[in-house]
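Laboratory data are not the source of any read-out in this text; all were calculated from the coordinates shown. As the structure is a computational prediction, the values presented were derived from the model and not from experiment. We place every Cβ from the backbone using ideal geometry, glycine too, and count neighbours over all the protein chains shown.
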Amino acid sequence: MNQNKKIFIITGTISSGKSTFSNILRQKGFKVIDADKIVHELYDEDSMKKQLTLNFGNTILVDGNINRKILGNIVFNNEEKKQLLETIVHPRVLDRIIEYISNSNDNIFIEIPLYYKVEKELIKKINNYKLILITIEKEIQIERLIKRNNITRKEAMVLIDNIEDTSKFSKKVDYTIENNGNLEDFKLKIEKFLIAERLDESNKENI
């Protein structure tokens, strides 16, 4: 394993531009690990299906697969069940991320929407990463969420209000990148970040 490789974690609130940031990095050839994709993969595993149905019932299964929408509705306004789900899923996601990092010699970016939920464990397991926070003004966030999810303003507000403050971290944020403008403006900010970190574009593998 390359001890000089750099590890970056990308986070931010809903509809802030995390995935856009990650996709731009992928287009440039960087390796990006998507924590949400790992969750999808875990939900396909029989051991996870068994554990989740034991705790949340068989109604979460549709055609033998975990239905994330049904599961999400169960935990959305139930803090106890939400914490139970996180207790089951988060440790496995972290283990998979650590496995990817250990098996790679390249610089790695990791997109973790709920970073604040797993920060303590991450700091224990990866103590040399840099944290990138994508920020957005609330009104722009609402407009983008309405367009992206094809929902009403009221529904967008409920989604936003249900998310905890993602900016209160124990670890210092190394880079704060605002995403209030257009795509070209966002790309320029990403270029400045890459230059600041002196990152080349030699990594061609994505996860």
Considering every residue within region 30-41, establish whether at least one is small (Gly, Ala, Ser) and surrounded by 12 or more Cβ atoms within 10 Å (Cβ to Cβ). yes
Scan of region 76-88 for residues that are surrounded by 14 or more Cβ atoms within 10 Å (Cβ to Cβ), closer than 22 Å to Asp161 by Cα and touching a residue at least 12 places away in the same chain (Cβ under 8 Å), ordered by number: Lys81, Leu84, Leu85, Glu86
Filtered residues of region 96-116 (kept if over 19 Å from Ile66 (Cβ atoms), part of a helix (DSSP H, G or I) and not aliphatic (A, V, I, L, M)): Glu99, Tyr100, Ser102, Tyr115, Tyr116
Does any residue of region 74-90 turn out to be out of contact with any helix residue (DSSP H, G or I) (no Cβ under 7 Å at 6 or more places or on another chain), part of a loop (DSSP other than H, G, I, E, B) and among the hydrophobic types (A, V, I, L, M, F, W, C)? yes
Considering only region 27-39, I want to know if a residue exists there that is out of contact with any strand residue (DSSP E or B) (no Cβ under 7 Å at 6 or more places or on another chain) and farther than 22 Å from Leu133 by Cα. no
Can you name every residue in region 21-59 that is outside any helix (DSSP H, G or I) and either of a type outside the set (A, V, I, L, M) or free of Cβ contacts under 8 Å to residues at least 24 places away in the same chain (or both)? Lys28, Gly29, Phe30, Lys31, Asp34, Asp44, Glu45, Gly57
